[in-house]
Amino acid sequence: MTRMFLITAVILAVALACAGCTGEKQVPATTVPTTATVVPVTTVTTIPTTSIEAIQTLPPAQNIDLDLSKDRVYSTITLTYQGGGGEMFTNKVEMRVTLSTGEVTDYVMDNGAKPKRGDTIEAKGSRGSDRCEVYVTSAGIRYKVLDETLQLGGFYGY
């Protein structure tokens, strides 16, 4: 028993001695004087983009009609719910508008309640091209049904 204790103590002592002695001796670093150089930095401002998702088609039994337009005078973007065969499955209609200035705003039709025929979302647009993404929650599944860029055109457009 004492022999076992002695062997364990020797192995432990050797292990402790080796643990601190395996590294290289570090030499203190010396400082070298340097001159500062000025490097011009170019800053690039990017317009935040939303994730690009593919447009999805509603199943035929859940199909609805939506009308998306942009007013030529005031640049107001209007989304109108027209109903359709899948009206009973439609739970919610949402619209995300990305203005040409980069400002992104989300809208929900009828405060998130089940939409009725004739319900609309009116969003403030810009004089440039605005991106509109429309999402429909039908039978509990969220679909991206529209992704359009609306521009002013004709006589009043720039």
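Some notes on this structure:
- Qualifying residue in the range 102-114 (condition: in contact with a Phe, Trp or Tyr (Cβ under 7 Å, 6 or more places away or on another chain) and surrounded by fewer than 19 Cβ atoms within 10 Å (Cβ to Cβ)): no
- Pairs where the first residue, in the range 97-112, is over 15 Å from residue 127 (Cβ atoms) and touching a residue at least 40 places away in the same chain (Cβ under 8 Å) and the second is not in a loop (DSSP other than H, G, I, E, B) and not β-branched (Val, Ile, Thr), C-beta under 7 Å, 6+ apart: 104/96
- In the range 99-125, residue nearest to residue 141 (Cα to Cα) [restricted to those that are hydroxyl-bearing (Ser, Thr, Tyr) and part of a loop (DSSP other than H, G, I, E, B)]: 100
- Picking from residues in the range 54-76 that are in a strand (DSSP E or B) and of a type in the set (A, V, I, L, M, F, W, C), the one that is surrounded by the most Cβ atoms within 10 Å (Cβ to Cβ) is 66.
- Within this structure, residue 87 passes the test of being out of contact with any Pro (no Cβ under 6 Å at 6 or more places or on another chain), outside any strand (DSSP E or B) and among the acidic types (Asp, Glu).
- Verdict on residue 139 being surrounded by fewer than 13 Cβ atoms within 10 Å (Cβ to Cβ) and of a type in the set (A, V, I, L, M, F, W, C): no
- In the range 142-157, the residues that are modelled with pLDDT under 95 and buried (at least 17 other Cβ atoms within 10 Å of the Cβ): 150, 152
The values are calculated or read from the model by the stated rules, or taken from the named source; none is laboratory data. Predicted, not measured: the structure shown is a model, and the values here were computed from it. Cβ atoms come from the backbone with ideal geometry, glycine included; neighbour counts cover every protein chain shown.
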